[in-house]
Amino acid sequence: MRAAALLLLLSQFAFAQSQSTPRFEDLGTVTGHITCADTQRPARLASIRLVPADIKPPKDAKPGFPDPYGNMLPEVQTDLTGGYTIPNVHPGQYYLRVDLLGYITPLLDFRRDQLASPTPDVQQRMQRELQVLNVVPHSTLTADVTLRRGASLSGTVTFDDGSAAIGISVRVLRRNASGEFKEQIQGRAGYSQVDDHGHYRFNALPEGEYIVEADLTLSKQETTTMPMPNGQMAATIMNRFIFSLPVYSGSTIRRKDAAAVKLDAGQETSGADITIPVGSLHEVSGTLLAKDGHTINGGKVALLFADDRSQFATVDVNNDDSTFRFPYVPEGNYILSVEQAKDVGSVQVPNAPGANPPTHTDHPTLHTYGTLEQPLTVHTDLQSLTPIVPDKPTTTASE
């Protein structure tokens, strides 16, 4: 009886597999040639991928979830004639994605949520710019593509003493339909890094208006080890963010003051230089105090620009030494803002047996406070600030 039941289960599993997985002879093939529009020569060693067209954003994805890739099949490369062949393709609809350094990848100009639920305007752009392939069983589909060279933007990032800002991350932001510089360029085209001579370069940019952002970020690495089921120890290295100072094209720290560059299709533009003003950066640090004079060891401290209250930076109060610290603050007028101020305890909680470190620290909240705002002018280091945070307002029963 057991053997019969097992045989029945196996036959049902095999039937289900045959229904969900196409037979080898039912798979299709996609082939074609890729050409560069500017040279009319083959696009040699370009990367070719098929991206399933039924891209759906995760349920918990935020609006504008920037992942237009989907579950991509393994890529193939074009040969020296620009030809390619993708065998064993399951039937269905796919976007044809072609990547070659310096050339536009149209799929990356669409967010994942736009591909999943396009508006009429986006639908028109998709029909105009994307190549959709309908792969059917046991057939060969020919798909040729002509690549458009993108625009390029280059410049230097240096410190104000003339030295190169080696290794600094740089990105471009494109003006969106609302006129704001918030649109990020997906993939490698939107990001660069300053080389050993202080230079950076973006290529394969779609036409549009751009600003450049150099990000001076401080972080530190922390290593933990955890035991694995096989008895081995696994080490995890994590970067812990400490502080970030963005500096924009035109050598300004405020995005609204950045110098914009307009790029036409295929245009090469240089000279978008950025100087990081080390000589006018100052440390702002201190401790939060309660009205009775004791130190508050938890909370968030922000610096807002005084003229429009936009945020410059925010840091957490360090639970270890009860201080807050902004290491690099440009000279100017600010508002020091304190929120979520609280007294926190310190409790050691054991980690899994064999883990290193053997414990971690939890910080339960003991008491909460109100909010605080006070003006602050920075023209030198301010390292011993002691803002007094008010008690949290009490509420009456009627409220």
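The values are calculated or read from the model by the stated rules, or taken from the named source; none is laboratory data. For clarity, every value in this text was computed on a predicted model and none was experimentally measured. Note: ideal-geometry Cβ built from the backbone for every residue, glycine included; neighbour counts use all protein chains shown.
The single condition among (1) in contact (Cβ under 8 Å) with a residue 60 or more places away in the chain; (2) part of a loop (DSSP other than H, G, I, E, B); (3) more than 20 Å from Ala46 (Cα to Cα) that Gln186 does not satisfy is (3). Between Asn319, Asn351, Asn356, which is surrounded by 15 or more Cβ atoms within 10 Å (Cβ to Cβ) and at pLDDT below 90? Criteria check complete, one pass: Asn351. Given the options Thr146, Thr158, name the one that is hydroxyl-bearing (Ser, Thr, Tyr) and either buried (at least 17 other Cβ atoms within 10 Å of the Cβ) or assigned to a helix (DSSP H, G or I) (or both). Only one candidate qualifies: Thr158.
Looking only at region 367-399, residues that are under 35 Å from the mean Cα position of the chain (by Cα) and surrounded by 11 or more Cβ atoms within 10 Å (Cβ to Cβ) come to 16 in all. Checking the stated criteria, Thr39 turns out not to satisfy the condition of being polar (S, T, N, Q), at pLDDT 85 or above and either in contact with a strand residue (DSSP E or B) (Cβ under 6 Å, 6 or more places away or on another chain) or assigned to a strand (DSSP E or B) (or both). Looking across region 111-125, just one residue is at pLDDT 85 or above, in a loop (DSSP other than H, G, I, E, B) and surrounded by 15 or more Cβ atoms within 10 Å (Cβ to Cβ), and that is Pro118.
Only residues that are in contact with a strand residue (DSSP E or B) (Cβ under 9 Å, 6 or more places away or on another chain) and without any contact (Cβ under 8 Å) to a residue 40 or more places away in the chain: list them for region 119-160, please.
Taking region 119-160 as the starting set, the residues that turn out to be in contact with a strand residue (DSSP E or B) (Cβ under 9 Å, 6 or more places away or on another chain) are 126, 130-160.
Matches in region 119-160: Met126, Leu130, Gln131.
Among the conditions (1) among the β-branched types (Val, Ile, Thr); (2) under 26 Å from the mean Cα position of the chain (by Cα); (3) farther than 25 Å from Ser178 by Cβ; (4) not assigned by TED's automatic domain parsing to the domain that holds Asp161, Ile242 misses just one, which is (4). Residue count for region 181-207 under the criterion of being over 16 Å from the mean Cα position of the chain (by Cα) and under 16 Å from Val98 (Cα atoms): the result is 4. State whether one or more residues within region 162-171 are in a strand (DSSP E or B), under 15 Å from Leu205 (Cα atoms) and not polar (S, T, N, Q). Yes: region 162-171 contains one or more residues that are in a strand (DSSP E or B), under 15 Å from Leu205 (Cα atoms) and not polar (S, T, N, Q).
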